[in-house]
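Nothing in this text is a laboratory measurement; each read-out follows from the coordinates by a stated rule. Note that this is a predicted model, so its numbers are computed, not measured. Please note: Cβ atoms are built from the backbone with ideal geometry, for glycine as well, and neighbour counts cover all protein chains shown.
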Amino acid sequence: MPHHVPNGRDLRLRGRTFAPGETGLLAIINRTPDSFYDAGRYLDDEIALQAVARAVADGADAVDIGGVKAGPGPEVSAAEELHRVVSFIAAIRATHPDLVISIDTWRASVADAACDVGADLVNDAWAGHDPELSAVAGAHGAGYVCAHTGGHPPRTDPHRVRYDDVVAATVADLSRQADAALAAGVRPDGLLIDAAQDFGKNTYHSLQVTGQVSALIETGWPVLLAVSNKKFIAETLGLDGPKSDRITGTMATTAVAVWEGVRMVRAHDVAQTRQVLDMVAGLRSGIPLLARRALA
């Protein structure tokens with residue numbers, strides 16, 4: 001392990017352990033008709049299950065299932081969100097008994113039902129908007145993700161948001177959330193923190209918290225990197241075209257953050273991200289996955 005990856009807590013999910021210096025890959029499967037990236041491609045059960053199988057084959061350690069678009073859009077009731085995700089998670093668990101499954105929701109009722117059928121991790125992208133959510137994770141023995149949103153409610157874009165020091169504010173808020181999650185019963189070895197780039201932040205803020213991700217890692221909590229194809233990457237690179245144009249910026253950001261020591265990466269483009277993770281691991285260890293050149 002390189003000396004600049006600080007010691008921290010092990011992360012344990014469904015029998016898997018991700019120690020400091022190791023990085024898991026969390027594949028995104030959105031069950032929404034208006035997903036910003038896949039535009040409803042995975043709303044069909046069979047197509048979505050095929051996507052899970054493909055993600056696993058491409059090297060995913062876990063899948064993140066969401067039933068509501070993160071950004072503004074039509075209202076989605078709790079009943080509709082449950083319909084989109086719960087039976088699907090049950091189907092994933094039946095076909096992939098050892099796969100780590102994450103439920104991306106801010107609603108305690110949805111997390112409760114998802115954990116009942118096999119979810120291992122509650123990805124709360126909206127910073128405890130539902131105060132019962134962390135307690136649900138704790139009651140099920142599931143992991144829990146604390147995210148920094150600057151106090152913005154679910155599915156809202158920031159407007160003229162300001163911080164005196166966005167990195168310090170993010171670290172302080174996530175430390176407070178982590179303490180609250182532990183008090184609610186979340187396992188210390190199941191907790192991650194997420195700077196939540198673009199959530200409650202403009203591009204300047206997202207660049208600062210990403211470029212200084214070591215400040216989050218130094219808290220000792222495992223860090224989730226969730227930057228895949230986000231707006232701040234497009235704006236940093238001056239891109240106005242399709243989301244697929246953001247992959248190079250996403251992979252560059254991922255490589256830097258993984259080298260610094262993030263513990264899990266949430267990604268749309270699984271095969272490419274797996275190569276980034278494996279390349280960083282090779283640079284750390286000096287050991288390739290396949291070696292033939294000049295050996296005979």
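Apply 1/(1 + (r/R0)^6) to the Cβ-Cβ distance of ILE287 and THR17, taking R0 = 22 Å, and write down the FRET efficiency to the nearest 0.05.
About 0.65, to the nearest 0.05.
How big, in percent, is the set of alpha carbon pairs in the chain lying more than 29 Å apart?
29 percent
Work out how much length THR248 to ALA57 would gain on full extension: take 0.36 nm times their residue separation and subtract the Cα-Cα distance, in nm to one decimal. Don't skip to the answer; put the middle values down first.
On the way: separation 191, 0.36 × 191 = 68.76 nm, distance 2.20 nm.
Working it through step by step, the gained length comes to 66.6 nm.
Per-residue ellipticity at 222 nm for the chain, helices alone: DSSP H runs ≥ 4 residues times -39500 (n - 2.57), over residue total, nearest 500 deg cm²/dmol?
After summing the helix terms and dividing by the residues of the chain, the value is -12000 deg cm²/dmol.
For the residues THR105, THR210, THR273, THR156, what sequence is obtained by ranking on other C-beta atoms within 10 Å, fewest first? Each step should come with its number before you reach the end.
Numbers: THR105 30, THR210 23, THR273 27, THR156 13.
Ranked by crowding around the Cβ, least crowded first: THR156, THR210, THR273, THR105.
Where in segment 142-184 does the amide nitrogen come within less than 18 Å of the point 7 Å from the Cα of GLU218, taken along Cα to Cβ?
165-176
Among DSSP beta bridges lying fully in segment 11-285, give the percent that are antiparallel, nearest 5. Could the numbers behind the result be given before it?
Details: 3 of 30 bridges.
Percentage antiparallel, nearest 5: 10.
Over segment 11-285, what is the mean sequence separation of C-alpha contacts under 8 Å (at least six apart), divided by residue count, expressed as relative contact order in percent? Please list the in-between numbers first.
Values: 536 pairs, mean separation 54.6, N = 275.
Relative CO of segment 11-285 lands at 20 percent.
Kindly write out, for segment 271-281 in residue order, the coupling ³J(HN,Hα) from the Karplus curve 6.51 cos²θ - 1.76 cosθ + 1.60 (θ = phi - 60°), rounded to whole Hz, with x marking Gly and Pro.
Running phi through 6.51 cos²θ - 1.76 cosθ + 1.60 with θ = phi - 60° gives 4, 5, 5, 4, 5, 4, 4, 5, 5, 5, 4 Hz.
Normalized C-alpha radius of gyration of segment 1-94, against 2.2 N^0.38 Å? The partial results should precede the final answer.
Working: Rg = 16.0 Å, N = 94, 2.2 N^0.38 = 12.4 Å.
Normalised by 2.2 N^0.38 Å, the Cα Rg of segment 1-94 equals 1.30.
Could you give each residue of segment 90-99 its phi-based ³J(HN,Hα) in whole Hz, using Karplus coefficients 6.51, -1.76, 1.60 with θ = phi - 60°, and x for Gly or Pro?
Once θ is set to phi - 60°, the couplings for segment 90-99 become 4, 5, 4, 4, 5, 9, 9, x, 9, 6 Hz.
How large is the Kirkwood hydrodynamic radius of segment 240-296, in angstrom, based on all distinct alpha carbon pairs?
Result for segment 240-296 stands at 12.8 Å.
Between HIS83 and ASN7, how many nm apart are label points set 7 Å from Cα along the C-beta direction?
Roughly 5.2 nm, to one decimal.
Spin-label point model (7 Å from Cα, Cβ direction): what's the ASP38 to LEU237 distance in nm?
2.1 nm
Just add up the charged neighbours of ALA172: K/R +1, D/E -1, any other residue whose Cβ is under 14 Å from the Cβ of ALA172.
Net charge around ALA172: -4.
Gain in length, ASP278 to ALA139, computed as 0.36 nm per residue apart minus the alpha-carbon separation, to one decimal in nm?
Working: separation 139, 0.36 × 139 = 50.04 nm, distance 3.47 nm.
That works out to 46.6 nm of additional length.
With the dipole of the chain worked out from charges on the C-beta (+1 for Lys and Arg, -1 for Asp and Glu) around the Cα centre, which of VAL145, ASN229, LEU277 lies farthest toward the positive end?
Checked the options; the winner is LEU277.
How big is the charge dipole of the chain about its Cα centre, in debye rounded to the nearest 20, if each Lys and Arg gets +1 on its Cβ and each Asp and Glu gets -1 on its Cβ?
Its charge dipole is roughly 700 debye.
Got a sec? Which residues in segment 192-208 would a label at ARG162 touch, if it sits 7 Å along Cα→Cβ and we count backbone N under 19 Å?
Label zone hits: 200-206, 208.
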